[in-house]
Amino acid sequence: MSKKVIVGIGEILWDMLPSGKALGGAPANFAYHATRLGEEGWAVSAIGPDALGREIMDIVAEKRLKNVISLTDKPTGTVQVELDAKGVPTYTIMEGVAWDHIPFTPEMEALARRADAVCFGSLVQRMASRDSVLRFLRATRPEALKVFDINLRQHYYTREVLEESLEIADILKINDEEIRIVADMFGLGGDDVAVSRALIDRYALRLVILTKGSEGSEVITADDTLPQPAGEAEVVDTVGAGDSFTAAFVVAYLRGKSLADAQRLASDTAAFVCSRKGAMPE
């Protein structure tokens, strides 16, 4: 059986952790875990003409992560990450960096036409890269699964970006803090399940994946709700856990597994990532 082509498009950067820097960026994390789970993961992003960019490419090669990572004249992206006592991160994201200026290349278009699934977020759409992300999504085959990992960060999102992304998406991945922000922005009442169903109905989504940290997750469809407790782990840090959850769910979903089985694999994968340092543990 041929491997599924699973693409994460968006930011690739350095997470500047208290313990040192680690390669990160939600789409790159997603692609890495899709690869580790046996599929053909691809990271699409951009780097700068600097030592940090060269180091990214060295690590990408070491991790055997397939990629379309363009070289731009902007600096390679960095994020300052601070962890609280429970290992939960807060981020300070540098602006005007390489992944804000991802060019749409023929190589990207060719990959889009091969993709079985694409994961994208709102953060990468804050600047010029938005056009490239939308062109990539429009170049995919109609049957390609489109996953919107909403990934709200600081002030880097607008209602226009969220609505256009939801109209494109088949699946929404969102956490318990983000769903309240979306509910307020869109004037949606009720609990998290009611808000999720309103979004499913309004944007013709297949389902919503709602992650709730230590409280686990829910997969919500138009007529069902599947709860799943968080996997047990001794938490080192939670950086990249949500990205690994999304990757594992998509891998299982594309393999035809039940929603419950996909959610279980996702929970176990995220628990493993929480038990290791950084977003891309071996």
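The values are calculated or read from the model by the stated rules, or taken from the named source; none is laboratory data. Nothing here was measured: the structure is a model prediction, and the numbers come from that model. Here the Cβ is made from the backbone with ideal geometry for all residues, glycine too, and neighbour counts use every protein chain on show.
Would you point out which residue out of E95, E55, E107 is part of a loop (DSSP other than H, G, I, E, B) and either surrounded by fewer than 22 Cβ atoms within 10 Å (Cβ to Cβ) or on the phi > 0 side of the Ramachandran plot (or both)? Before the answer, list the steps.
On the way: E55 fails: part of a loop (DSSP other than H, G, I, E, B); E107 fails: part of a loop (DSSP other than H, G, I, E, B).
Being part of a loop (DSSP other than H, G, I, E, B) and either surrounded by fewer than 22 Cβ atoms within 10 Å (Cβ to Cβ) or on the phi > 0 side of the Ramachandran plot (or both) holds for just one of E95, E55, E107, which is E95.
Filtering segment 224-274 down to residues that are modelled with pLDDT under 85, among the β-branched types (V, I, T) and surrounded by 19 or more Cβ atoms within 10 Å (Cβ to Cβ), which residue is farthest from D192 (Cα to Cα)?
The qualifying residue farthest from D192 (Cα to Cα) is V273.
Determine whether segment 89-106 contains at least one residue that is under 27 Å from R141 (Cα atoms) and free of Cβ contacts under 8 Å to residues at least 24 places away in the same chain.
Yes, segment 89-106 contains at least one residue that is under 27 Å from R141 (Cα atoms) and free of Cβ contacts under 8 Å to residues at least 24 places away in the same chain.
Within segment 16-41, how many residues are crowded, with 24+ Cβ neighbours inside 10 Å and not aliphatic (A, V, I, L, M)?
Looking only at that region, the number is 8.
Looking at A144, A169 in this structure, which one is modelled with pLDDT of 95 or more, touching a Phe, Trp or Tyr at 6+ places or on another chain (Cβ under 9 Å) and either more than 28 Å from L111 (Cβ to Cβ) or not hydroxyl-bearing (S, T, Y) (or both)? Please lay out each step first, then the result.
Details: A144 fails: touching a Phe, Trp or Tyr at 6+ places or on another chain (Cβ under 9 Å).
Going through A144, A169 in turn, the sole match is A169.
Within segment 94-116, is even one residue within 16 Å of the chain's Cα centre (by Cα) and of a type in the set (V, I, T)?
no
Can you report the number of residues in segment 128-164 which are under 28 Å from D73 (Cα atoms) and part of a helix (DSSP H, G or I)?
12
Quick check: is even one residue across segment 204-219 more than 25 Å from L37 (Cβ to Cβ) and at pLDDT 85 or above?
Within segment 204-219, one or more residues are more than 25 Å from L37 (Cβ to Cβ) and at pLDDT 85 or above.
With at pLDDT below 95, under 21 Å from G121 (Cβ atoms), touching a Ser or Thr at 6+ places or on another chain (Cβ under 8 Å) and surrounded by 15 or more Cβ atoms within 10 Å (Cβ to Cβ) as the only criterion, which of V68, V60, V79 stands out?
V79
Among (1) out of contact with any Cys (no Cβ under 6 Å at 6 or more places or on another chain); (2) buried (at least 18 other Cβ atoms within 10 Å of the Cβ), where does D149 come up short?
Failing condition for D149: (1).
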